[in-house]
Structure formats: C-alpha cells, structure tokens
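Remarks on the structure that follows.
The values are calculated or read from the model by the stated rules, or taken from the named source; none is laboratory data. These numbers were taken from a predicted model, which means no experiment stands behind them. Here Cβ is always computed from backbone atoms with ideal geometry, including for glycine, and neighbour counts include all displayed protein chains. Note: areas computed on protein heavy atoms with side chains; ligands, DNA, RNA excluded. Shrake-Rupley method; radii C 1.70, N 1.55, O 1.52, S 1.80 Å.
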Amino acid sequence: MNTMSTTIRATLAGTVLVSGLIVTGCASAPAPMPTAAPQTPPSQPTPVAAAIPAIDSVPPTLGPAPTLKLPPVERRVLPNGLTLLVVEQHELPLADFLLVVGSGNEADPTPRGGLSSLTAQLLREGTSTRTSPQIADQLSFLGASLTTGSAWDMSQVGLHTPTAQLDSALGLFADVVMHPSFPQKEVERLKKQRLTELLQAKDRPRDIADRVFASVLYGNVHPYGHPATGTEESTKAIARADVKAFYDAYYRPNNATLIVVGDLTADDVERRARTLFGGWSRRTVPDTRYPQLSNMPVAPTIYLVDKPGAPQSSIRIGNIGVPRSTSDYFALQVMNTILGGSFTSRLNQNLREKKGYTYGAGSGFSMRRQAGPFSARAEVTGTKTDSSLVEFLRELRSIRDTVSSTELARAKQYLQLGLPSDFETTTDIAFQLVPVVVYGLPADYYSTYVQQIENITQADVQRVARQYVDPSKMSIVVVGDRASIENGLRALNVGAISVRDLTGAVPPSPGTP
C-alpha cells in the first residue's frame, strides 16, 4: 500500500469521526490522527540529449577499378579433337566440368524447330546402362548436380561435384555425354511437357512479343527467326529418330570443349579425359547455313498483336544488330549501359522512375555468331502504351547525341567494378569461359577487359550509337488490347501499323476461309 493512498484513507476516516462527534455531542473528541507529510519524489537528473551524428549526404567516391587477376587457363587437345581448358582452383574440394558443344538452336532443321533444346533435355533421361531415376538417385547419393541445355551457337552438359566423389561423378557424366539412349517414353513425355509450355506461352504477352519480334526481324527462313523451343507443329513432328540424328551429327569431340575448374591439376584432368572420352569418335560436323537477309526496313513499322483485355502492353523496338565478333563490342557495352543496360540507365530512369509507366525498361544487343537483334523493351501500363512509345523513341534518338562525361564515367565503373563478381565460384569461372570457347575470344580477354572499357571515349559512344541505333529504321512490336491502344498508336503517326497474329503472321482477312 503506497503512502499516498494511506494518507487519503486516514484523512477521510478522521472526517467521519469528527462529524459523528459534532452530531452526537456525547463523547470527548479523541486526539486527531496524525497526517502523513506529503513526500516529494527524489529529483531525477535531467536527461542529456544524445549527440546526433552528422549525416553524410555526399556519396562515397569510387576509386579506380582494381586489376582482375585470374588464374591461368591450361589448354590441352586430345587425339580425337576434344579440347580441354583447365583452371586450377584449390581453395575448396570442388570441381566443375562443363562440356560445350559448338552447335545449338541455330542448327534446328526448319520443320523440327526446338530439336536442339529437346535433345539436350533428353541427355539425362537415360543411357545404355542407366535409367532416368537411376541417374537422379546416383547424383543425389554423390552430392553432385548435372545440368543440360541448349542456346544459340551451343549446347552444354555441366557437372558440379565434390572431388571426393570425382571418380563416380565423372563416370556418370561421361556416360550421359557419350551413351544417351533417348528412351521413347521419355521423348513422348518431354514433348507433351513442351506442348504444354508452348500453350502457356500463348497467354503471356511478353513471350508473344519476343516471338513476333524475332519473326519480324529475320523472317521464316533464317534460323534466328524461329523460336528456340519450336512451335506446336514442329514439336509434334519430332520423332526419336530425329533426336538421335541430331545428337550423332553435332555431339562430336571435334565440335566440343571440356572446361574444368576446381581442385584438380591439368595433368590429372587430361589423364581422366583420355580414359573416359578417348573412345568418343570424331566426325565432320555439318555447317549451319545462314541465308542472306534482305528487305531491311527503311522506315519504322508498328506490328500490333491483339491480346484482348490485357491490362499491360509488351513493347519491343529494335533492329538487327551485330555479331559477337564485332570490333565495336566494348563501345557498344558502354553505350548500351547508358541507354538501357542498368537500373540507372536512361530508359529505366525515364519510363519507370520519372513516368511510372513500367516496373522496368531496358535494352541490349544479343550478339551471336551472326548478327543478333538489338532491342529496347518493357511491359507497360496499357493506358500508357502510346505515351511509353513516345518516351522510348525520345531516348533512342537522344543517345545518338553526345553523352555527358558523368554518364560515361558511371557506365564504365558499372562494367568494370562488376566484373570480379562474375568469378566468385568454380561454376562462375567455368561459365565465363563459355564465350571464350564459342566465339574464339583472345586468351587475355578478361585480363584486359577493364582497360578496354576504360579506353572508350564519348566520341566512341556517339559513333556506335549513330551507327547501330537508328529509330527511323526500327521495327516496333506491341502486344496488348488492340481495342484500347490502336487509336493512340495511330495518332502518334510513327509509321504504318501492321496487325499480326500470335506467331507474327498476317492474320487472314475477315470472311477468308
């Protein structure tokens, strides 16, 4: 019971007694009860305000990019033509093996689009001695992982394994590479899975835009005009015999390079490769034919694909760009970083940060053995489709003018300072060597990368922008709700509008059977 409540109760009790004596007047008044003196709480020290540290509003200054020192790459060639590239990394007991085959999606025969990617998928679905479940079980037991895939200009099979399990893991890897059985049931299963994926893609505007954009730029004859995963018609047409024929034609040691990074020596790798891959027979590999492109656009055209009710529009703007062998590679990297290759690029800052039309806008050159596409792209709010196109074209024209020294410095630092993060793990290093293999880049490519970027000037950026980015001759693909966006697009008077279907073809006129 605290002092304050005792005092209150004592005072009230005394009052009652006194009142009673006054009324009755019969008894002498008792001595008054002592009243507790009010207590003053002890004084508290006045709190002293903590010093607020000064906020540094000036961002830190970035120093010069450090020189990237990479371990040496040892190159060996087996008698059957298989090339070995070995990078010794002894920090951890791990190793990565990446077999790169020099043929990919571009090698698909026209009526069998998607054959390359389907063949790569089927490699791990069974060999002459192992079923698909057995392969999966063994990988799990070994703590290893096995990947397969196909892209433009290459196919690949990758193994990541602890070196303690190297003998078993590498034996499995070689079996998958050299003795795939392509079981009929697995062929049919993956074809059904592919058909489902293609059906789903028809409902995704961004996938439709990518497919139509490639078709518009390259047509139906050039390999780059075909979707890498094929079509429903081409997928249905693929038979097991086609898969085996593709494998026999292109998966040859003289068309392959084995990249090895990890806790191994070059001599050990060569010894194991001779044992496991020495019996892999070489054969002449067919050349891929790239038809001459003609009828290049001389004025912009908007290719409009109707996606009724779509709340967003997918925009692709571009033209045929350059091959990976271009001497302008580094200048294009810097120029595109400023235009649309980073979060702080002009396109993203304009359409996302300033206008709020999209979650992200960007651009890029897809460089391949032959000239791949250049594209600027975004998924934008449907009601701002025409406004977004205006801003896209504004930035594509603006990049052709001189860029500021600040933009140039920021783009160069972005590319230079980000390079070391591409070499953090054995897997990273292996994948960074892929373009060296596929496109025949010089051995000192990465060790001179920082300086090559540093050498780019404002004049270089302006030159390549004017040479390769010309919005007056670009093709524009827009996938969205035609009923709500077509009038706005026509009002811009950018160019002729050509309506296309989901595959990029001109739809039949109404009433045409």
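Quick notes
- Accessible-area composition of the chain, carbon plus sulfur, in percent [1.4 Å probe]: 55 percent
- Comparing A256, V216, V243 along the charge dipole axis of the range 203-281, the residue lying farthest to the positive side is V243, per the Cβ-charge model.
- Beta bridges per DSSP with both ends in the chain, % antiparallel, nearest 5: 75 percent
- Candidate cross-link partners of K192 among the lysines, defined by an alpha-carbon separation under 27 Å and a same-chain spacing of 8 or more, comprise K202, K236, K244, K307.
- Alpha-carbon centroids, the range 394-422 and the range 75-127: separation in whole Å: 34 Å
- Charge dipole magnitude, Cβ of K and R +1, D and E -1 - the chain, Cα centre, debye nearest 20: 1100 debye
- Average 1/r across all pairs of distinct alpha carbons in the chain, invert it, and you get the Kirkwood radius: 27.8 Å.
- For the set V285, V269, the ranking by accessible area, highest first and with no ligand, DNA or RNA atoms included, is V285, V269 under a 1.4 Å probe.
- Folded to 0 to 90 degrees: helix 184-201 orientation relative to the chain principal axis, Cα: 60 degrees
- Rounded to 10°, Cα long-axis angle of helix 266-277 versus longest principal axis of the chain: 60 degrees
- Residues with amide H under 5 Å from that of I238, placed H, sequence gap 5 or more: none
- In the context of the full set of protein chains, the chain has a per residue accessible area of 51 Å² (1.4 Å probe).
- From phi via Karplus (6.51, -1.76, 1.60), per-residue ³J(HN,Hα) for the range 291-304 in Hz, x at Gly/Pro: x, 5, 7, 9, 6, 5, x, 10, 8, x, 10, 9, 9, 9
- The order of the peptides 462-473, 133-144, 333-344, 243-254 by mean Cβ neighbours within 10 Å, most packed first, is 333-344, 243-254, 462-473, 133-144.
- 0 to 90° range, to nearest 10: angle between helix 405-418 axis and the chain longest Cα axis: 80 degrees
- Remark: the range 321-326, residue by residue, has Karplus-estimated 3J(HN,Hα) of x, 9, x, 5, 6, 4 Hz, where x stands for each Gly or Pro and the curve is 6.51 cos²θ - 1.76 cosθ + 1.60 at θ = phi - 60°.
- Solvent exposure of W152, expressed as accessible area, is near 50 Å², computed with a probe of 1.4 Å over the protein chains only.
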